[in-house]
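In what follows, a single structure is set out as structure tokens and then discussed.
The values are calculated or read from the model by the stated rules, or taken from the named source; none is laboratory data. On a predicted model such as this, the values are computed, not experimentally measured, just so you know. Neighbour counts run over all protein chains shown; Cβ positions are idealised from the backbone, glycine included.
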């Protein structure tokens, strides 16, 4: 069932309750992501409000909850660190990072406007699994320092790993205990209670209370003052020598947001038995990310956990997403000060659990059983995502996966190519066609192709040319070829040209209109005369036999050169 994202109030109670519940789930995660990104907790709250409101208002998935997500936060964190390192001041670096978020939104609007939504997630699952799991690993590693009560070292993932001995040597026991308690609460929280109060909020509250009561004399790193009120607009900021990098990062962030969102939209579809509008959703997400960047908020996308909770508590329309955003706005305007005492280690515990949830445990455990190649691609993409770059990881993964797929398809189609000189059980020839081949006495070569001819098949076509050397007529049967790629077309042209150069007759049978148009553009029909183009294989074999007989008569009379 196709469903639009129009706002109505026929499910008001369910939508209001779903929005309230989603807001409660979002609050601790928004704070955690804001701190983890380096932009501050208020950036997480601004992102949760802006992304949630405008994606719900303009998107194409009624029950989708959009907010800063783990993957988007991880990538934004890297962008912020990179731009801050080259900026004239931390403020300029932060403004440039938010500008990248705006660029990501612009690219998402472009993707949606050009109706590319259905193609965004058409990547091999091994690649999607690899880079999502890689993002989960990054998020987990980045929480190690605050989990141990330390400031995050420079250098991101690599810097954290290199400084691990130092981090462990200077561990803050009270803060590590608070982080461990946070993880324990989230893991051990009764499932029955999750529908009423999310474990992340319980962990946030209990962790803060324990830090104030039990560890009141210890030095605990806390969130600190959170500015309340409406945000100050962040104007787009560019540094001339960073423009290209910012645009590339914007494309990467926008693509990741598209993938993250549409995968979540598919989850929402499976639960609600509806069908989202991919292109409209991308436009809505793009608008939301532009507004969030202008307001100094984190970039975001569709969030699986918030969406599932939203649907399970009765939400059916975008009113729930709007309600959630407005509730978080109220918190931001009047109650953000209550979060000032939240320990950073508690937020690290919450973010660490999100990172663990992003890991594709299901595929990680059985990928080697499903496909060895797929498993190697997945682990390769994971490694490149963590230690090199997301764009490189996805690019390399998609390239290798596509090459392997093309090889499989090429081998499959190569097996369907047959060169026949007499009756052949592998090709379903009629008795009349068998009789014509037998009468030709191996002087007519039937070259049968079937299925779409992609470029990987060209080598197989070229190999079959060797079978033509002892024959007088080449019958090219294209009756089962619906599509012909450029490279395969050129291979066929070479085959025909070689036959003509060696004074062999060429007959083509069963050519489809699309295939005919492609070969005509190559000029093939300037080589093969119109009378040698026939409709059926039987006609082609009969014409080929006639050529063989004519040659024999001419040889007997001494007229054949």
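Annotations for the structure displayed:
- Residue in the range 200-218 that is closer than 30 Å to residue 114 by Cα, surrounded by fewer than 16 Cβ atoms within 10 Å (Cβ to Cβ) and touching a helix residue (DSSP H, G or I) at 6+ places or on another chain (Cβ under 9 Å) present: no
- Extreme residue, modelled with the lowest pLDDT, among residues of the range 420-440 that are in contact with a helix residue (DSSP H, G or I) (Cβ under 8 Å, 6 or more places away or on another chain) and surrounded by fewer than 18 Cβ atoms within 10 Å (Cβ to Cβ): 423
- Count of residues meeting criterion [part of a loop (DSSP other than H, G, I, E, B) and surrounded by fewer than 21 Cβ atoms within 10 Å (Cβ to Cβ)] in the range 173-199: 6
- Elements of type helices (runs of 4 or more DSSP H) contained in the range 39-133, each with 1 or more residues being within 30 Å of residue 228 (Cα to Cα) and in contact with a helix residue (DSSP H, G or I) (Cβ under 7 Å, 6 or more places away or on another chain): 41-58, 70-86, 90-113
- Lone qualifier among 348, 401, 336 - being out of contact with any strand residue (DSSP E or B) (no Cβ under 8 Å at 6 or more places or on another chain), part of a helix (DSSP H, G or I), under 30 Å from residue 134 (Cβ atoms) and modelled with pLDDT under 85: 401
- Test result for residue 78, in the same structural domain as residue 286 (by TED's automatic domain parsing), modelled with pLDDT under 95, at positive phi and surrounded by fewer than 24 Cβ atoms within 10 Å (Cβ to Cβ): no
- Check on residue 21, within 26 Å of residue 240 (Cα to Cα), at pLDDT below 95, assigned to a helix (DSSP H, G or I) and touching a helix residue (DSSP H, G or I) at 6+ places or on another chain (Cβ under 9 Å): no
- Complete set of residues in the range 497-512 that are surrounded by fewer than 20 Cβ atoms within 10 Å (Cβ to Cβ) and outside any loop (DSSP other than H, G, I, E, B): 497, 498, 500, 501
- In the set 545, 478, 474, only one residue is buried (at least 16 other Cβ atoms within 10 Å of the Cβ), part of a helix (DSSP H, G or I) and at pLDDT 85 or above; that residue is 545.
- Residue match in the range 382-392 (condition: in a helix (DSSP H, G or I) and exposed (fewer than 14 other Cβ atoms within 10 Å of the Cβ)): yes
- Taking the criterion of being in contact with a helix residue (DSSP H, G or I) (Cβ under 8 Å, 6 or more places away or on another chain) and part of a helix (DSSP H, G or I), the residues of the range 351-363 that qualify are 351, 352, 353, 354, 355, 356, 357, 358, 363.
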